[in-house]
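Remarks on the structure that follows.
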Amino acid sequence: MTTVWPELEPILPRVRKPGRYVGGEDGAVVAAHGPGIVSWLLAYPDVYEVGLPNQGLQILYEILNERCDAGAERTYAPWTDLEAEMRERGIPLFSVESHRPAGEFDVLAFNLSSELVVTNVVNMIDLAGVPIHTAARTADDPLVLVGGHAAFNPEPLADFVDAVVLGDGEEVVGEITAAVVAWRRSDDHDRHTLLRALAQVEGVYVPSLYDVGFAPTEFDDRGTPVPGGIISLTPRFDDVPGVVDKRTVADLADWPYPKQQLQPLIEVVHDRLNVEVFRGCTRGCRFCQAGMITRPVRERPPEQIRTMVAEGLRRTGHDEVSLTSLSTADLSDIGPVLDGILDDRKSRTDGSTEPADCGVSISLPSLRVDAFTVGLAEQVTSGRRNGLTFAPEAGTWRLRQVINKLITDDDLEEAVGAAFAAGWRRLKLYFLIGLPSETDDDIVAIADLAGRCVDVGRRSHDRASVTVSVGGFVPKAHTPFQWFGQNTEEELQRKVDLLRRSAKAHRGVQVKWHDPAASTAEGILSRGDRRLGAVIERVWRAGGVFQEWSEHLDLQRWSDAVEAEGLSIEHLVYRHRTASEVFPWTHLSAGLFHDFLWDDWQAALAESGLDDCRWTHCYDCGVCTGYDIDHVVASSTPPGPDSDFSPDPEAPVAVPVTLVAAPRVMRPAGAGSS
Amino acid sequence: MSAAALRMRYEIVGKVRFVSSRDLSRIWERTLRRVNVPVAYSQGFTPRPRLSFGLALPTCAASSAEYVDARLVESSEVRDESVAQSLGAAVDAALPDGLAVHAAAYVDASGSSLQEAVTSVTWELSGFEQSSGQLSACADEALAADELPLERERKGAVTVDDIRPLIIDLAVDATPRDRSASSAPRVTADIASVGRSLRPAELARAVFGVDDAASVHIHRVAQWTDGPHGRSELLPPPEHARSMSPC
Ligand code: SF4
C-alpha cells in the first residue's frame with residue numbers, strides 16, 4: 001500500500017498541532033482497496049478539529065465501511081503551515097488513517113457544511129494532485145463529489161465537482177458505489193459514461209450535463225456592466241432529469257449511526273458524544289435553510305436514543321452527550337427521554353466511582369424559547385450554570401411574525417426569568433439583522449428587549465447580564481426569503497453601530513457581532529451561479545483559503561475577483577428578485593413547491609405567521625406529498641408538562657402558534673446563587 | 001488504610017507521540033473511565049480525575065519510560081501486586097495504538113509526587129547529521145568543560161544558565177537502537193532533573209550544535225529516583241518491554 005507517512009513524519013515536528021494529521025481515532029478503520037472495491041475518501045474542507053465531529057461524515061464513513069463493495073477513509077484541510085511544507089516537498093493530500101495519497105482513491109467526497117469553504121475544496125482537489133476542473137479529469141482521476149447543506153446551491157462549484165448529492169446521504173452512497181462498480185466492469189472507461197450513469201441516480205446532480213443560458217451583459221447610464229440573469233437551464237441529454245430532487249430517508253430508526261462515534265486523540269470542537277434525536281424541522285422559520293431543506297420531521301424512537309446514548313458513553317468514556325437536532329426541545333417525550341438517560345447513568349452497575357453529580361451532562365443545542373425548555377436545561381446541567389443561549393432572532397413581535405419565529409416578548413421574558421431564577425447569570429440572545437422589512441425601530445428594539453431581560457434577571461442576581469449576538473442575514477436558496485435582496489455590507493455595519501449605541505443605554509447588555517464583510521462573501525457564494533467558478537479560482541489563486549476564519553477572510557479579494565470577471569456584487573447579492581427570476585438552483589429541488597415558497601414570502605411581507613404542520617394540519621408545502629413520506633413524530637402535541645395545546649384542523653393558516661409554557665415553580669430571588 | 005495511587009509505567013511510540021501533553025492527559029482520563037479504575041476526583045464545580053504525570057515529555061518525542069499516578073478513592077478492597085497487574089493489563093488493552101502499559105504498582109499517595117521523585121532522566125537522541133566521531137568529540141568536550149553557559153528565554157527575558165552541572169553523562173553509540181538506520185549514530189544523555197531542567201532540544205543545540213531542533217529524534221528511556229542503594233528506575237522495566245495485555 002502506498003503511504004506518505006515516511007515523508008510526512010519528519011515534517012510534523014515543524015508544524016502547529018501535529019496531532020491533527022495522525023488519525024488514530026478509536027473507531028477508525030483502514031479501508032480495503034482492491035479491484036472489486038470502491039474506495040472513498042471523505043473530505044471535510046476545514047481543519048481536523050472542526051471537521052472530525054461532523055456527524056454526517058461519520059455516518060457515511062460507517063455505512064460505506066460496512067459494505068463489501070466499498071471502503072472509506074477521511075481527510076481534512078491541512079493548515080497553511082503544513083500545506084506549505086507539503087507543496088515544497090511534493091507531498092499530496094492524504095487520508096488520516098493510512099496516509100494514502102488522495103489521488104489513489106476512487107471517490108473524493110466533500111462535506112459542504114457552509115459556503116465559505118469552497119476555496120478550501122478547490123485547494124484540496126489541487127493538493128490531491130487532481131485537475132481542479134471537472135472538464136480536465138480523465139478516467140484515472142477520482143470522482144469528485146460534494147454533499148451537505150451548502151450543496152443545495154452547488155452552482156458556484158459547477159466547474160470543479162463531478163457530481164452533487166442533494167439531501168440525506170445514507171442510501172445514495174451505496175447507489176453511487178454500485179454505479180462506479182458497474183462502470184468499471186464495463187468496457188467503456190469514458191468518464192462521461194460514468195457521469196451519465198450517475199445522473200440516473202435519484203438525488204445526484206451532475207452540473208456538466210446541463211447548459212445554462214445567460215442574458216447578455218448590459219451597461220447602465222454610467223457604463224457599469226450589469227450582468228445578465230439566467231434565461232435557461234437545460235439538460236444536455238434526453239436521459240438527464242430536468243429537475244433533480246433531494247433524497248430523504250423515511251425513518252431514522254433504520255439508521256442508528258454512527259454506532260461507533262470516532263474518538264479522536266486530540267481535542268476537537270464539540271468534544272462529546274453526539275446522538276441525533278431527530279432530523280428535519282417544520283417550525284417554518286422563513287430564514288432557516290436547514291429547516292426548509294430537511295423536511296419532514298423524522299424522530300428517532302426513544303428506546304433507540306436511550307441505547308445509543310448508553311452504549312456511546314460506555315464505549316467512548318465521555319461524560320457529556322449532546323442530543324442533536326434543529327430544535328431538541330421539540331422531541332416528543334423529551335422529558336421521559338432525559339429521565340431515562342439520567343437513570344441509566346445513575347444505576348450503572350459497572351463499579352464506576354465518579355461523583356454522582358459529574359456522572360453525565362446532557363447538552364441540548366438550539367433551545368426553544370420558553371420556560372418549559374429552561375426546565376429541561378435545568379434538569380440536565382450539573383455543576384456550574386455557565387451560559388444559556390436563546391435565539392429570538394428579531395427584536396419585535398412584528399418582525400418575528402415576518403420571519404415566522406413566533407415568540408412573544410412575554411414568552412421570552414418568562415423563559416429568561418426562569419433561567420435566571422434557576423441559577424444562570426449570563427444569557428446569550430441571538431439575533432439576525434438585515435431581515436426583510438426591518439426598520440431601525442426593530443434594531444433599537446433588540447437593545448430594549450435585552451435591557452428588559454437584564455431587569456428580569458436582576459430580580460434574581462445583582463450581576464445578571466445578557467450578551468446580544470448579531471449576525472447579518474444571508475438569504476438562502478430554497479427558502480421563502482430567496483427573493484429578498486441581502487443588506488449591503490455598509491447597511492449591516494450601520495445597523496451594528498446603531499445597535500451598539502442603543503445598547504449603551506442598558507446596563508448589563510453587551511453586544512457582539514459577526515463581521516458584515518463575511519456575510520457579504522457568504523452572500524456571493526450562497527446566491528451565485530456557475531459564473532462564480534472563475535471568481536472562486538481567482539480568490540484561491542490569490543491565496544484565499546480558510547475563508548471561514550476571520551483572520552484569513554479578505555472581502556477585497558472577492559470584490560476584485562467579481563469585478564474582474566465582469567460580474568457585480570449588486571447583481572449577485574443585493575438586488576431583490578422578482579417572481580419570474582430563474583434562480584441558479586431552479587432545477588434542484590428540496591421538495592418544496594415554488595408556489596408554497598412564493599406564497600410564504602408574500603405572507604411574510606403581510607406579517608402573517610404559519611403553524612407547525614407537525615402538530616396542526618398539512619398545508620402541502622410539497623415534501624410529504626411529493627416524496628410520499630410522512631412526519632415520524634410520536635406525539636401530536638408539542639412537548640410540555642401539561643400542554644393544553646390542541647390543534648384545530650380548521651384553524652386559519654395565519655394563526656400564530658403559541659407554545660404553552662408550564663408555569664414552573666419559581667425559586668425565591670437569590671436562590672441558586674452561591 | 002492510607003491513600004493509594006496506581007502508578008503505571010508506559011510507553012509512547014509511533015503516531016500518538018504527536019499529540020500534546022494536554023491531549024495525552026485527556027486520553028488517560030477517558031481510558032481510566034472506560035476501564036472503571038476507581039480514580040478519585042477533585043472537589044469543586046467541575047470535578048476532574050486526580051492524575052499526575054511528572055515531567056512533561058516534549059510533543060513528538062517517544063518514550064519507553066513515562067509514568068502516570070492515578071489517585072484512587074479510599075477503599076477496603078485488596079490492593080496487592082496481582083490486582084495492580086490486572087488493572088494495568090486492562091488499561092493497556094483500552095489505550096490507543098502507540099500507548100502501552102509496561103508496569104503497574106500501588107504506591108502510597110502521601111509519598112513524594114512523580115515530579116519530586118524523579119532526580120534524573122536518560123534520553124536517547126538520534127537523527128544527527130554529524131558522524132559518530134564528530135558527536136563523540138562534542139560530547140567529550142562538554143564533559144571536560146567546567147561550565148557550559150546556555151542562553152535561553154524565560155518569559156520574554158533572556159537568561160544565561162550554566163547547564164554543565166545538569167549533565168551527568170553523555171555517550172555516543174555508532175550502532176542503531178533498532179533496525180532503523182536513522183537511529184544511528186545516537187547519543188545517550190543522563191540529565192539531572194533538579195531545579196530548572198535541561199530539555200533535550202536545548203542539549204542538542206548547546207552541546208552538539210544542532211540549530212534545527214525538529215530534526216532530532218528524542219526518546220526518553222529511563223526516569224530515575226535516588227535511593228539508599230544508588231539510583232533506580234521508578235518502576236522496573238519489564239524484561240521484554242512489550243505491552244501487558246495478552247495479545
Ligand atoms: S407536506 Fe405538509 S406535513 Fe409535510 S412538511 Fe409540508 S406542510 Fe408539513
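A simple charge model with +1 on the Cβ of Lys and Arg, -1 on the Cβ of Asp and Glu and nothing else charged puts the dipole of chain B at about 1060 debye relative to its Cα centre.
In this structure the amide hydrogen of A:Thr294, modeled in the peptide plane, comes within under 5 Å of the amide hydrogens of A:Cys281, none closer than 5 places in sequence on its chain.
Once backbone amide H atoms are built at 1.01 Å from N, A:Phe160 has A:Thr134 as its partners under 5 Å, excluding neighbours fewer than 5 places away on the same chain.
Give the range of the longest stretch in chain B that excludes all trypsin sites (Lys or Arg not before Pro) found in loop regions by DSSP and having at most 12 other beta-carbon atoms within 10 Å. So the longest stretch without any such site is B:1-154.
Volume of the convex hull of segment A:114-172 (Cα atoms only), normalised per residue: 84 Å³. Within a straight-line Cα-Cα reach of under 16 Å, A:Lys346 can be paired with the following aspartates and glutamates, leaving aside sequence neighbours fewer than 8 residues apart in one chain: A:Glu311, A:Asp319, A:Glu320, A:Glu354, A:Asp357. Please report the buried accessible area for the interface of B with A, total over both chains, probe 1.4 Å, in Å² to the nearest 100. So the total buried area for this chain pair works out to about 2500 Å². The share of Cα pairs per 5 Å bin across chain B, counted from zero up to the longest distance, runs 1, 6, 12, 16, 18, 15, 12, 9, 6, 3, 1, 0 percent.
Where both bridge residues fall in the protein assembly as shown, DSSP classifies roughly 55% of the beta bridges as antiparallel. Checking the Cα-Cα distances for A:Lys17/B:Lys15; B:Lys15/B:Lys155; A:Lys476/A:Lys504; A:Lys405/A:Lys476; A:Lys259/A:Lys476; A:Lys428/A:Lys504 against a 23 Å cut-off, the pairs over it are B:Lys15/B:Lys155; A:Lys476/A:Lys504; A:Lys259/A:Lys476.
Burial here means at least 30 square angstrom less accessible surface with every protein chain in place than with the chain by itself, probed at 1.4 Å; in segment B:57-105 the buried residues are B:Cys60.
Normalised Debye scattering of segment B:1-91 at q = 0.15 Å⁻¹ gives log10 I(q)/I(0) of -0.61, counting only Cα atoms as equal scatterers and leaving out solvent. Find the relative contact order for chain A and round it to a whole percent, using C-alpha pairs within less than 8 Å whose residues are 6+ positions apart. It rounds to 14 percent for chain A. Computed about its Cα centre, the charge dipole of the protein assembly as shown is approximately 2000 debye, with only Lys, Arg, Asp and Glu carrying charge at their Cβ. What's the angle, to the nearest 10 degrees (0 to 90), between helix B:21-35's Cα axis and the longest principal axis of chain B? The angle comes out near 30 degrees. An ellipsoid equivalent to segment A:21-172, defined through the eigenvalues of its Cα gyration tensor, has semi-axes of 20, 19, 16 Å when rounded to whole angstrom and sorted largest first. Only alpha carbons enter this Debye calculation for segment A:502-546, each as an equal point scatterer, and the log10 of I(q)/I(0) it gives at q = 0.20, 0.26, 0.27 Å⁻¹ is -0.73, -1.02, -1.05.
For A:Leu108, the residues whose modelled amide H falls within less than 5 Å of its own, excluding neighbours fewer than 5 places apart on the same chain, are A:Leu41, A:Leu143, A:Val144, A:Leu145. Using the rule -39500 (n - 2.57) for each DSSP H run of four or more residues, divided by the residues of the protein assembly as shown, the 222 nm mean residue ellipticity is -8500 deg cm²/dmol. Here chain A is treated as a sphere whose radius is the Kirkwood value from Cα pairs; by Stokes-Einstein at 37 °C and 0.692 mPa s it diffuses with a coefficient of 124 µm²/s. Solvent-accessible area assigned to carbon and sulfur over the protein assembly as shown amounts to 50 percent, based on a 1.4 Å probe.
Using only alpha carbons, segment B:120-232 has a radius of gyration to Kirkwood radius ratio (Rg to Rh) of 0.97.
The values are calculated or read from the model by the stated rules, or taken from the named source; none is laboratory data. Only a predicted model underlies this, so the values are computations on that prediction, with no experimental measurement involved. FYI the Cβ positions are ideal-geometry reconstructions off the backbone, even for glycines, and counts take in every protein chain you see. Heavy atoms of the whole protein, side chains included, go into the accessibility calculation; ligands, DNA and RNA do not. Shrake-Rupley method; radii C 1.70, N 1.55, O 1.52, S 1.80 Å.
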